[in-house]
1. Does the range 163-185 include one or more residues that are in a helix (DSSP H, G or I) and over 30 Å from W119 (Cα atoms)?
2. Restricting to helices (runs of 4 or more DSSP H) lying wholly in the range 28-138: which have 2 or more residues that are farther than 21 Å from R169 by Cα?
3. Scan A267, A303, A329, A339 and give me the residue that is among the aliphatic types (A, V, I, L, M) and within 24 Å of R58 (Cα to Cα).
4. Could you go through the range 163-184 and let me know if any residue there is aliphatic (A, V, I, L, M) and more than 18 Å from the chain's Cα centre (by Cα).
5. What is the number of the single condition among (1) farther than 17 Å from G291 by Cβ; (2) within 27 Å of the chain's Cα centre (by Cα); (3) at pLDDT below 95 that N369 does not meet?
6. Do we have T242 as under 16 Å from V276 (Cα atoms) and without any contact (Cβ under 8 Å) to a residue 12 or more places away in the chain here?
7. Looking at A289, A210, can you tell me which residue is under 24 Å from E155 (Cβ atoms), among the aliphatic types (A, V, I, L, M) and not in a helix (DSSP H, G or I)?
8. So for the range 225-245 (the condition being under 22 Å from the mean Cα position of the chain (by Cα) and assigned to a loop (DSSP other than H, G, I, E, B)), does at least one residue qualify?
Amino acid sequence: MSKSLRLTGLILLVAAVAPALSATPARAKEFTFDEKVNQEMARRLKIPVYFAVPNSARGALPKSIDTSDRLIDFKHPDAKRGDVGLRLVVAKRAGLAQRLGKSGLVQTGDLLLTFRAEWGGAGAYPNVQMGISHTGVAYIKDGVLHNIDNPLNAEYLGARGELNSEHYRTLSFIHVIRPRNLTDAQRANLLDWTSRLAASSGRVYPKQIAFNQDYNAPKFKRGKSLDFVKHLGQVALGQNPTGTVDMFCSEFAWSLLSLRDCDPRKAGDSFKGSSVPSCVREPMKPMSATGDYITRRGRYSNAGLTEGPLLVVDSLKLPVEEKKKLLHAVFVDTPSGVAKLSAGHKTLAQSMKPKFAPLEKYYLGVGGNWGPTIEARMVSIAFNRGIPENYSPTSFLINTLLPPNNVNRTMDYVATILIE
């Protein structure tokens, strides 16, 4: 055979094979488990098992995740069945907002929970908070992940709100929580609301939207209108409402998500009326201090603001004595751990200390084989009378701990970003 014929045959062979090769789909990047890597992550995290979440908390992931960051399925070594852990996105800080914005892993409307792994085992307050100290809201604009938070100031938004403010530059961990079943239209609405608020933040903060430092004083009151959500919408629309509404960070996030059914381009007139627009709808039922899920296990049961570690430990299905030992550990203060808290959180932890002795009695007495003890019932009643229904930063993660088919489950855990 001549050289030219051999060359022609080779070209035809390549031409025939090429379509088949190009038609083979690229394997989507996934969260994977590796025992050696798992041990490495356990050493880096150094978190108690009740700072992780059961697999039932996880939501569905995009079919394709486009990122160069490491995706690790971390299984906490203290969870013997291996179904309590975290999805870890191990990422370099440089270019983080750009990569996450293009990855498909984070979406508009997701909640960004500041997670302080170093709080693990520090004491009752940081343990009950599951290491969570702050809530922001994500939105994807021009292919880049942006954050919007209250306070609407430079410390949290920075120059562009791209996880590059002082607050986000100093973080090592962020939990990503996703409101369930957001439609494309709802995400488009949220993108519009967040963009408007971000653009006007310097003008409206703190004159029209201020920061509420008292997490025990939410604006939500059962049976009352969501007029504070209406105020937020009016501010975003440039309607200059009378007065100021102060919101803590998670209240701001809860209120913003309450606007998901309102199209800012069409709903302006409804925000000018005397009543709250009908499109305003709460994204998650506010929680009492203690819920009834742990005692009733019903589809309509809810969790409580103080019950995060309790629900995680409950999912482990431990023998009674092991369970009691682990629940007791939640309430043990360690001087080295307390030293890692900021001055503000130290003060808050100290002020709340009297509440934790009865809360431990509730933890130990609420989940027995014969139902809650009388003492646990009394503690629950007293807490729920004294603490208003609320939506703390931790409450969004606690909501994911309800069973997937629970009526009050409106949030899913997506992943935890570990920033190197």
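The values are calculated or read from the model by the stated rules, or taken from the named source; none is laboratory data. Because the structure is predicted, anything quoted here is derived from the model rather than measured. Neighbour counts run over all protein chains shown; Cβ positions are idealised from the backbone, glycine included.
1. Applying the first criterion (in a helix (DSSP H, G or I)) to the range 163-185 yields 166-169, 184-185.
Checking the rest, the ones that are also over 30 Å from W119 (Cα atoms) come to 184-185.
Checked against the condition, which is being in a helix (DSSP H, G or I) and over 30 Å from W119 (Cα atoms), the range 163-185 yields at least one hit.
2. Values: elements: 35-45, 96-103, 124-128.
Counting at least 2 such residues, we get 35-45, 124-128.
3. Values: A267 fails: within 24 Å of R58 (Cα to Cα); A329 fails: within 24 Å of R58 (Cα to Cα); A339 fails: within 24 Å of R58 (Cα to Cα).
Unique residue meeting the criteria: A303.
4. So in the range 163-184, the residues aliphatic (A, V, I, L, M) come out as 163, 171, 174, 176-177, 182.
When the remaining residues are screened for being more than 18 Å from the chain's Cα centre (by Cα), the result is none.
Within the range 163-184 (the criterion being aliphatic (A, V, I, L, M) and more than 18 Å from the chain's Cα centre (by Cα)), the answer is no, since none of the residues qualifies.
5. The failed condition is (2).
6. Values: under 16 Å from V276 (Cα atoms): yes; without any contact (Cβ under 8 Å) to a residue 12 or more places away in the chain: yes.
Spelling it out, T242 is indeed under 16 Å from V276 (Cα atoms) and without any contact (Cβ under 8 Å) to a residue 12 or more places away in the chain.
7. Working: A289 fails: under 24 Å from E155 (Cβ atoms).
Result: A210 is the single residue among A289, A210 that is under 24 Å from E155 (Cβ atoms), among the aliphatic types (A, V, I, L, M) and not in a helix (DSSP H, G or I).
8. The answer is no, given that none of the residues of the range 225-245 is under 22 Å from the mean Cα position of the chain (by Cα) and assigned to a loop (DSSP other than H, G, I, E, B).
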